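Take a look at the structure set out below.
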Amino acid sequence: MTSEIEDVRVGPPNFGTEREMLRAFLDYHRATLAMKCAGLGDEELRQRSMPPSTLSLLGLVRHMAEVERAWFRRVFEDHDAPMVWSREIDFQAAYDASGSTRAEAFGAWEAEVAASRRIEAAAASLDAAGYQPRWEEEVSLRMVMVHVLLEYGRHNGHADFLREGVDGTVGA
């Protein structure tokens, strides 16, 4: 039986500055990931897509916590900040949510989102430069926001299929 997710997201505006639009679309996609996980318990959130993949909704939340940290905190505040779930820069480690819980994953993700919002709000402009230590290059806040937005778009597509596989819920 297929059901629909209640959509409580605030949609991005039709008009605004470039920064307002980037911020709104990023928050919209953050809300989409949370919505895809709404109402599910730890076991359901850990349910994998199909062997051999370890992809799960909880793994996506953990991965996006790493993405937020790697692209905001590490670029604009602390180039040596450790990743959340790996000693090295290993984004794949976050996907293994076999021992994780909603509280752990969402706690880390929400903390990183809050840090990202704070960093973005404090920047003078989208041209603010940060340093991406993995690339050993400077990048603009604009580039970071677009990159993270694309990460959410990609992974929210995965979340659509994962949620449908868990309980048949579709939508948004």
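The values are calculated or read from the model by the stated rules, or taken from the named source; none is laboratory data. None of these values were measured; they are calculated from a predicted model. Cβ coordinates were reconstructed from backbone atoms using ideal geometry, including for glycine residues, and neighbour counts include every protein chain displayed. Quick note on the areas: whole protein, heavy atoms, side chains included, nothing else; ligands and nucleic acids left out. Shrake-Rupley method; radii C 1.70, N 1.55, O 1.52, S 1.80 Å.
If I filter segment 142-158 for residues that are under 19 Å from the mean Cα position of the chain (by Cα), in a loop (DSSP other than H, G, I, E, B) and closer than 14 Å to L58 by Cα, do I get at least one hit?
Start the filter on segment 142-158 by keeping residues that are under 19 Å from the mean Cα position of the chain (by Cα), which leaves 142-158.
Going one step further and asking which of them are in a loop (DSSP other than H, G, I, E, B), we end up with none.
Checking segment 142-158: not a single residue is under 19 Å from the mean Cα position of the chain (by Cα), in a loop (DSSP other than H, G, I, E, B) and closer than 14 Å to L58 by Cα.
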Of A81, A93, A105, A114, the only residue that is open to solvent by less than 20 Å² (accessible area, probe 1.4 Å) and either in a helix (DSSP H, G or I) or at pLDDT 95 or above (or both) is A105
Q) Going by the conditions given, is S49 open to solvent by 10 Å² or more (accessible area, probe 1.4 Å) and of a type in the set (S, T, N, Q)? A) yes
Please verify whether segment 3-22 includes one or more residues that are touching a strand residue (DSSP E or B) at 6+ places or on another chain (Cβ under 6 Å), modelled with pLDDT under 95, open to solvent by 10 Å² or more (accessible area, probe 1.4 Å) and of a type outside the set (K, R). yes
Exercise for the section: Confirm whether S86 is free of Cβ contacts under 8 Å to residues at least 24 places away in the same chain, in contact with a helix residue (DSSP H, G or I) (Cβ under 9 Å, 6 or more places away or on another chain), not in a helix (DSSP H, G or I) and not aliphatic (A, V, I, L, M). Expected result: yes
Condition set assigned to a loop (DSSP other than H, G, I, E, B) and open to solvent by less than 70 Å² (accessible area, probe 1.4 Å), scope segment 117-138, selection farthest from V84 (Cα to Cα): answer is S125
Result of the Cβ filter at 7 Å on segment 121-136, keeping first residues that are free of Cβ contacts under 8 Å to residues at least 24 places away in the same chain and partners that are polar (S, T, N, Q), at least 6 apart or interchain, is D127/S140; A129/S140
Those residues of segment 52-69 which are touching a residue at least 60 places away in the same chain (Cβ under 8 Å) and within 14 Å of A114 (Cα to Cα) amount to M64, V67, E68
Flagged in segment 139-172 as open to solvent by 40 Å² or more (accessible area, probe 1.4 Å) and either free of Cβ contacts under 8 Å to residues at least 40 places away in the same chain or out of contact with any Asp or Glu (no Cβ under 8 Å at 6 or more places or on another chain) (or both), in numbering order, are M143, V146, H147, L150, R154, H158, D160, F161, E164, G165
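Run down A129, A97, A65 and say which single residue is out of contact with any strand residue (DSSP E or B) (no Cβ under 9 Å at 6 or more places or on another chain) and closer than 23 Å to L22 by Cα. Walk me through how you get there before you give the answer.
Details: A129 fails: out of contact with any strand residue (DSSP E or B) (no Cβ under 9 Å at 6 or more places or on another chain); A97 fails: closer than 23 Å to L22 by Cα.
Unique residue meeting the criteria: A65.
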